[in-house]
Amino acid sequence: MSPIELTATQLLDELRSGLINSVEATRAFLQQIGQHDESIGAFLRVDSEGALDRAELIDRRRKQGEPLGRLAGLPVAVKDLLSTRGEPTSCASRILENFRPPYDATVVANLKAADAVLIGRTNMDEFAMGGSTENSAFQTTRNPWDTSRIPGGSSGGSAACVAASMAPLAVGSDTGGSIRQPAGLCGITGMKPTYGRVSRWGLVAFASSLDQIGPLARTAEDAALLLEVLAGHDPRDSTSIDRPVPEYSKTIGKPLENLRIGLVREHFGEGLDAEVEAAVREAVRVYESLGATVRELSMPHGKYAVAAYYIIAPSEASSNLARYDGVHYGRRTDEAAMMAELEAERKALAALGDTAALDELDDPLVRMYRRSRSEGFGAEVKRRIMLGTYALSAGYYDAYYKKALKVRRLIRQDFDRAFEQVDLIAGPVAPTPAYKIGEKIDDPLSMYLFDLYTVSTNLAGIGGISIPCGQSGGGLPIGLHLQAPPFEEERLLRGAWMFQQATDWHRRRPSL
Ligand code: GLN
């Protein structure tokens, strides 16, 4: 079998046993990228040379019998918001075009220490703001199952590259669904760990109280493997939790016994596509056939989740993105042109004798900030900065931001109550299969509403996973969303894997 057809776990076995070496495996993925990424657009940059060099080094070390890391020789793709020393890290934004961080994000350092082969940087919505990857400043990523459709987002490049067999594993980030939703729409497995499980150090921040890094893979078993490498305490991220990382890949084969699954009544209402509902209900029947019991629950505050999220996330974003001023990092406006423009304005106003307007003319520094930010940020990012600035401003803070925080607490309480009765909550990950490129881009509200099943997880700080559970009549993947109490990643992975042992949705691949 070609290495691109294997799961990460299988490929690692072949690498270990010497059936294949890392250079051969890496070449096979690079070839797949070369053949298909022009039509998919999953990668912003492919580091063929660096990847092959690294693969060669690992092969050499293996030959010499050196001890190797857990992902030794395995190609891995990373979302373009993970700082990587000396590598362009753009967040798919013009404002960070050509920014090369002087250090590695902790997860990148972990991947390197595990001897993974970093093959490229994946496309995303600018600063992870979006759900379709159409908000990238550089390119649109297409869904490998139907290239007229979105791959989901914001980790759309990471999801598409795994779905299209261009990488066995990819890393993404999830602030309100950005790993789980694209995984669902691309027919792969994607997990958002509990807040604090994975270090955010070196992750370019969108909304710091919601952001979490996680794995995208073909199977839950592969996701477990990658999570083991990503997770762990990091003194450089004060929100990362000091708890041992379980060996997820060791326990994954143990099915969950006496599993109690909860279905949230409110998830099966208005807006849910009939085929998605049917696939999710069928998936729940599979669990029942495996011995699970199912109970219906109510999570009454879920209906406010999108509203609360779209106050909290933009508020944090407006603060986090204040640092992009054209001075510290990335793009600065053309200062010569700006000074010439300012001078021309000054002359024109002087000729008119308009001294009041002259007095109000920008300070050049302020104008430089404004121009750099106007040119550097895309429309959605600007919208979020304005929404957040508004929600945090004096007079509105209590009405919006503080109220959203109260809702956030109520949502967490809904989960706490639910998890007194059930072990996992199951439901749809997105209301419909992948929609057409361009379909929602001019309608931010309908884009935001598409996040209704995923944002609560982040607001509550818990973990969730999306696994393939069906296909639409048109052949598009449908994802099942599982959520668990905090730090129950093991339960999520075992629960996902027991489903994958009983079904073969995760084995299907798009024909490219
Ligand atoms: N779609 C959501 C948003 O636009 C979630 C994004 C994310 O998780 N990064 O904010």
remark   = Once the dipole of the chain is set up from charges on Cβ (+1 Lys and Arg, -1 Asp and Glu), the residue from the list 78, 19, 321 lying farthest towards its positive end is 19
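Can you say what percent of the DSSP beta bridges in the stretch 11-162, counting only those with both residues inside, are antiparallel? Round to 5. Let's see the in-between values first.
Numbers: 4 of 9 bridges.
Bridges in the stretch 11-162 are about 45 percent antiparallel.
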message = Using the Karplus curve 6.51 cos²θ - 1.76 cosθ + 1.60 with θ = phi - 60°, what ³J(HN,Hα) values do you get for each residue of the stretch 504-512, in whole Hz, with x for Gly and Pro?
response = 10, 4, 6, 8, 6, 10, x, 8, 8
ask   = Taking the highest mean first, how do the peptides 9-18, 153-162 order by number of other beta carbon atoms within 10 angstrom per residue?
value = 153-162, 9-18
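With Rg and the Kirkwood Rh both taken from Cα atoms, where does Rg over Rh land for the stretch 380-512?
Values: Rg = 18.1 Å, Rh = 17.4 Å.
Here Rg/Rh amounts to 1.04.
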request  = Could you check how much of the accessible area of the chain is carbon and sulfur, as a whole percent, using a 1.4 Å probe?
outcome  = 50 percent
inquiry  = Taking the Cα centroid of the stretch 169-237 and of the stretch 377-432, what is the distance between the two, rounded to the nearest whole Å?
reply    = 19 Å
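Treating only the Cβ of Lys, Arg, Asp and Glu as charged (+1, +1, -1, -1), what charge dipole size does the stretch 268-401 show about its Cα centre? Round to the nearest 20 debye.
Values: 16 positive and 22 negative charges, 55 e Å.
Dipole size: approximately 260 debye.
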key: Whole-number D in µm² s⁻¹ for the stretch 271-413, Kirkwood Cα-pair radius fed into Stokes-Einstein, 25 °C, 0.890 mPa s   = 123 µm²/s
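Assigning unit charges at the beta carbon (Lys, Arg +1; Asp, Glu -1) and nothing else, what dipole magnitude in debye, to the nearest 20, does the chain show about its Cα centre? Each step should come with its number before you reach the end.
Numbers: 58 positive and 66 negative charges, 160 e Å.
For the chain, the charge dipole is close to 760 debye.
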query = Along its principal axes, what span do the Cα atoms of the chain show, with the longest given first and each in whole Å?
reply = 83, 58, 45
ask   = With labels modelled as points extended 7 Å from the Cα through the Cβ direction, what inter-label distance (nm, one decimal) is found for residue 345 paired with residue 504?
value = 6.6 nm
ask   = Say the dipole of the stretch 165-291 comes from +1 at the beta carbon of Lys and Arg and -1 at that of Asp and Glu; which of 286, 168, 226 then lies farthest toward its positive end?
value = 226
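Going by average Cβ density within 10 Å per residue, which order do the peptides 62-71, 80-89, 408-417 take, highest to lowest? Don't skip to the end; give the middle numbers.
Numbers: 62-71: 13.8, 80-89: 22.0, 408-417: 17.7.
Highest to lowest by the protection proxy: 80-89, 408-417, 62-71.
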request  = Search the structure for amide H atoms under 5 Å from the amide H of residue 122, placed 1.01 Å from N in the peptide plane, and list their residues when 5 or more places away or on another chain.
outcome  = 44, 78, 79, 80
request  = Report the antiparallel proportion of the DSSP beta bridges in the chain as a percent, rounded to a multiple of 5.
outcome  = 65 percent
query = Leaving out same-chain residues fewer than 8 places away, which lysines sit with a Cα under 30 Å from that of residue 382?
reply = 79, 192, 303, 402, 403, 406, 436, 440
key: Per-residue [θ]222 nm for the chain (sum of -39500 (n - 2.57) over DSSP H runs n ≥ 4, rounded to 500)   = -12500 deg cm²/dmol
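The values are calculated or read from the model by the stated rules, or taken from the named source; none is laboratory data. Here the structure is a predicted model, which means the values were calculated and not measured. Cβ atoms come from the backbone with ideal geometry, glycine included; neighbour counts cover every protein chain shown. With ligands, DNA and RNA removed, areas are computed over all heavy atoms of the protein, side chains included. Shrake-Rupley method; radii C 1.70, N 1.55, O 1.52, S 1.80 Å.
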